[in-house]
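> Dumping the structure here so I can ask a few things about it.
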Amino acid sequence: MKKVSVLIPCYNEKENVGPMTEAITELFENELTQYDYELVFIDNKSTDGTRDILRGICNERPKVKAIFNARNFGQFNSPYHGLLQVDGDCCIEMCCDFQDPIELIPKYLEEWENGYKIVIGIKTTSKENRFIRFLRTCYYKAIKRMSDVEQIEHFTGSGLYDRDFIEVLRSLDDPTPFLRGIVSELGFERKEIPYEQPKRRAGKTHNNFYSLYDGAMLSFTSYTKIGLRLATFIGAGVGGISVVLALVYLVLKLLYWERFPAGTAPILLGMLLLGALQLFFIGFMGEYILSINKRVMKRPLVVEEERLGFLKEDYDRFKSVTKRNGIIREEAENG
């Protein structure tokens, strides 16, 4: 019997972890009885009582497991780490707020059985704030045009990943992985399932300007060169224009020096313009440097504080392991 792992990243979702457990359990025990399954929550240091609820669920249900992070490691590292800890033949990642409908799970599995190793959900429509939806669409269109690698529009990371692809993820040595880009860059042929994103079942979204900006910059610095190229081209262009304007100003000053008004206004305006451009592109290049710095420092993906529901036999397959970047890896045993 094939085993399906369902990974649910969560942060302050005390109103949703219980209903999510019930919904997925009912789905597998009533409709998807041909599969064995496990439900794995990875909690990103919740502070609202989510962990207490998960402890109770794990005590009552042997198929439910939980990983508690030592702190909040961000919206990208935590799910990525969770993918590497499951032991199913495939893993389905879904949000805890029900914005990834559980009705997608049978569709994911159907396409997986048809041979696709990656099956992902694409938000064709959404009940979220229209202005936010518009900004997301503009971002996806822009990054798709600028990226060296195909970028998938309105893909949040929700989908099914075969064990073969998870092993590809396991082999990567990237402390700041961007799964949405990795799927298109290194993944197998995929199947896209369109769906309408509903509103959150309960609670408030934890996305804010900073988290959205952080995600945008991670994808931008990981998969585009245009920021650095723009700095070069615009710098050269502005420099050329400045030289031409300086020559024109000099000629006019020499020819009409008696009538040509003196003053420093043009110089000040030019300095302000050049200074603004320099600061903008220094910040832009700083984003690339920050991305490089995070990768060079080799920090762990995640530091775990506690695990619940993982039995001893779950670790037997990792008899020879190394922990690097927070990832448990298999090594071939010598002798």
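The values are calculated or read from the model by the stated rules, or taken from the named source; none is laboratory data. Remember, it's a predicted structure, so these values are computed and weren't measured experimentally. Positions of Cβ are generated from backbone atoms using ideal geometry, with glycine treated the same way; all protein chains shown enter the neighbour counts.
> Are any residues in region 1-17 over 14 Å from ASP43 (Cα atoms), surrounded by 22 or more Cβ atoms within 10 Å (Cβ to Cβ) and not β-branched (Val, Ile, Thr), and if so, which ones?
If the condition is that a residue be over 14 Å from ASP43 (Cα atoms), surrounded by 22 or more Cβ atoms within 10 Å (Cβ to Cβ) and not β-branched (Val, Ile, Thr), then SER5 is the only one that fits.
> So, one more: When both residues are 6+ apart or on different chains and their Cβ atoms are under 7 Å apart, which pairs have a first residue that lies in region 42-58 and is within 14 Å of GLU305 (Cα to Cα) and touching a residue at least 12 places away in the same chain (Cβ under 8 Å), and a second that is of a type in the set (Lys, Arg) and surrounded by fewer than 20 Cβ atoms within 10 Å (Cβ to Cβ)?
If the second residue must be of a type in the set (Lys, Arg) and surrounded by fewer than 20 Cβ atoms within 10 Å (Cβ to Cβ), the pairs left are LYS45/ARG71.
> Further question on the same structure: So ASN44 passes all but one of these: (1) touching a Cys at 6+ places or on another chain (Cβ under 8 Å); (2) modelled with pLDDT of 95 or more. Which condition number does it fail?
(2)
Table: residues versus (1) among the polar types (S, T, N, Q); (2) under 13 Å from the mean Cα position of the chain (by Cα); (3) in a helix (DSSP H, G or I); (4) buried (at least 16 other Cβ atoms within 10 Å of the Cβ).
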| position | (1), (2), (3), (4) |
| --- | --- |
| ILE152 | no, yes, no, yes |
| PHE155 | no, yes, no, yes |
| ILE166 | no, no, yes, yes |
| LEU169 | no, no, yes, yes |
| PRO175 | no, yes, no, yes |
| ILE182 | no, yes, yes, yes |
| GLU185 | no, no, yes, no |
| PHE188 | no, no, no, no |
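> Within the bounds of region 216-228, is there any residue that is surrounded by fewer than 17 Cβ atoms within 10 Å (Cβ to Cβ) and modelled with pLDDT of 75 or more?
Checked region 216-228: no residue is surrounded by fewer than 17 Cβ atoms within 10 Å (Cβ to Cβ) and modelled with pLDDT of 75 or more.
> What strands (runs of 3 or more DSSP E), lying completely within region 1-102, carry at least 1 residues that are farther than 30 Å from ASP174 by Cβ, in the same structural domain as ILE120 (by TED's automatic domain parsing) and charged (D, E, K, R)? Steps first, answer last, please.
Working: elements: 3-10, 36-43, 64-69, 90-93.
Where strands (runs of 3 or more DSSP E) fall fully within region 1-102 and carry at least 1 residues being farther than 30 Å from ASP174 by Cβ, in the same structural domain as ILE120 (by TED's automatic domain parsing) and charged (D, E, K, R), they are 36-43.
> Continuing with the same structure: If I go through region 81-98 residue by residue, how many of them are crowded, with 21+ Cβ neighbours inside 10 Å, over 21 Å from TYR195 (Cα atoms) and acidic (Asp, Glu)?
Here the count works out to 0.
> Being touching a helix residue (DSSP H, G or I) at 6+ places or on another chain (Cβ under 8 Å) and loosely packed, with under 13 Cβ neighbours inside 10 Å is the filter here; which residues of region 18-57 pass it?
Within region 18-57, the first condition is being touching a helix residue (DSSP H, G or I) at 6+ places or on another chain (Cβ under 8 Å), and the residues that meet it are 18, 21, 24, 27, 31-32, 35, 37, 39-44, 50, 53-54, 57.
Hit for region 18-57 is GLU31, nothing else.
> Mind listing whichever residues of region 300-335 are modelled with pLDDT under 70, out of contact with any strand residue (DSSP E or B) (no Cβ under 8 Å at 6 or more places or on another chain) and of a type in the set (A, V, I, L, M, F, W, C)?
ILE327, ALA332 - these are the residues of region 300-335 that are modelled with pLDDT under 70, out of contact with any strand residue (DSSP E or B) (no Cβ under 8 Å at 6 or more places or on another chain) and of a type in the set (A, V, I, L, M, F, W, C).
> How about region 99-111: which of its residues are closer than 21 Å to PRO19 by Cβ and crowded, with 19+ Cβ neighbours inside 10 Å?
GLN99, ASP100, LEU104, ILE105, TYR108
> TYR108: modelled with pLDDT of 95 or more, within 22 Å of PHE178 (Cα to Cα) and not in a strand (DSSP E or B), yes or no? Let's see the steps before the verdict.
Details: modelled with pLDDT of 95 or more: yes; within 22 Å of PHE178 (Cα to Cα): yes; not in a strand (DSSP E or B): yes.
Here the answer is yes, as TYR108 does meet what is asked.
> Given the criteria closer than 24 Å to LYS199 by Cα and among the polar types (S, T, N, Q), does SER78 qualify? Walk me through it before giving the result.
Working: closer than 24 Å to LYS199 by Cα: yes; among the polar types (S, T, N, Q): yes.
For SER78, the condition - closer than 24 Å to LYS199 by Cα and among the polar types (S, T, N, Q) - is met.
> Now, a different point. With closer than 27 Å to PHE73 by Cα and modelled with pLDDT of 60 or more as the only criterion, which of MET297, MET271 stands out?
Details: MET271 fails: closer than 27 Å to PHE73 by Cα.
Of the residues listed, the single one that is closer than 27 Å to PHE73 by Cα and modelled with pLDDT of 60 or more is MET297.
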